[in-house]
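The values are calculated or read from the model by the stated rules, or taken from the named source; none is laboratory data. This one's a predicted model, so the numbers in the text were calculated from it and none came from an experiment. Because the Cβ atoms are built from the backbone with ideal geometry, glycine has one as well, and the counts that use them run over all protein chains shown. With ligands, DNA and RNA removed, areas are computed over all heavy atoms of the protein, side chains included. Shrake-Rupley method; radii C 1.70, N 1.55, O 1.52, S 1.80 Å.
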Amino acid sequence: MLIFDSGVGGLSILENIKNNFPKINYIYLLDNEGFPYGEKKESFIIQRSINIINTIQKLYPINIVIIACNTASTISLSILKKHFDIPIIGVLPSLTKAKKITKNNIIGFIATKATIKSVYTQNILSKYIHYEKIKVIATNKLAEIAEKKIKKLPISNLELKKVFNSWIISISQPDTIYLGCTHFTFLKNEIQNIFKKPINFVETHDKVTRMVKKFFLNNKYNQKIKKNIFLYSKNNIEPNQLFWILKKYQFRYIKLINLD
Ligand code: DGL
């Protein structure tokens, strides 16, 4: 199983899968050279995703790909599925659950600028426009803050508040927030703390895990990769920032990889 993201956000997807399949082996590709995807053009994200799958397929016997990133999934999933024979699962935003659980009928949708701009997301938002109040924030800042937190660097509450300012000052605050970027999972406590009322956070992680489950049921949990491998695309990470990640997710092998 290959799982990739521009950064540490995809680890939240990996964690959910691991909780359901403790014995699963995986390759995690941290495309830190491409970070942030949220600021990139669609053509870059599509080509990058193709390069990633091509490169890893040549090096390792992967049988499934998880795009653990909303930005890459909304923009490239349908194209990648046509391009490759291997099963590919993505993280695609959905407001169905948020709509069910909201009490005040105000839903917040926050994601990267590229995700919000994508045709996929625009289609979803247009379906809800008439009967539900959806408040949207398009930000590339929040993934940056999450990167800092995961790397145990100090994060600024003021920066966080700035991102959410339009909701904080609004008299109609959302009671339910759809987190449309895998990085944001790591900031739930911090986000909750800047709002006075309790927030329902909604994500698509469980859906991804259900799809992985279905894949393994149909493929008899046949694992070709024998140890957990951590790959990264740019040599700008301090080893001590990575240490706890390597330990927590039981990576046994780490390697810098060229994706160009
Ligand atoms: N983790 C990615 C996502 O889910 C985005 C981070 C980035 O901008 O690179 O959208």
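Being closer than 30 Å to THR102 by Cβ and surrounded by 12 or more Cβ atoms within 10 Å (Cβ to Cβ) narrows it down to one residue among GLN192, GLN241; which is it? Let's see the steps before the verdict.
On the way: GLN241 fails: closer than 30 Å to THR102 by Cβ.
Matching residue, one of GLN192, GLN241: GLN192.
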### Message
If I filter the range 73-91 for residues that are within 15 Å of the ligand (Cβ to nearest atom), more than 29 Å from ILE27 (Cβ to Cβ) and within 17 Å of the chain's Cα centre (by Cα), do I get at least one hit?
### Response
no
Condition set open to solvent by 80 Å² or more (accessible area, probe 1.4 Å) and among the basic types (Lys, Arg), scope the range 244-255, selection farthest from SER12 (Cα to Cα): answer is ARG252
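Would you tally the residues in the range 122-142 being among the polar types (S, T, N, Q) and surrounded by 14 or more Cβ atoms within 10 Å (Cβ to Cβ)? Before the answer, list the steps.
As a first pass, look at the range 122-142 and keep what is among the polar types (S, T, N, Q): 122-123, 126, 139-140.
Filter once more, keeping what is surrounded by 14 or more Cβ atoms within 10 Å (Cβ to Cβ): 139-140.
Of the residues in the range 122-142, 2 are among the polar types (S, T, N, Q) and surrounded by 14 or more Cβ atoms within 10 Å (Cβ to Cβ).
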Out of (1) of a type outside the set (S, T, N, Q); (2) more than 9 Å from the ligand (Cβ to nearest atom); (3) in contact (Cβ under 8 Å) with a residue 24 or more places away in the chain; (4) more than 27 Å from ARG210 (Cβ to Cβ), the one LYS40 does not meet is (2)
Selection from the range 92-115 of residues open to solvent by less than 50 Å² (accessible area, probe 1.4 Å) and within 10 Å of the ligand (Cβ to nearest atom) yields PRO93, ALA111, THR112, ALA114, THR115
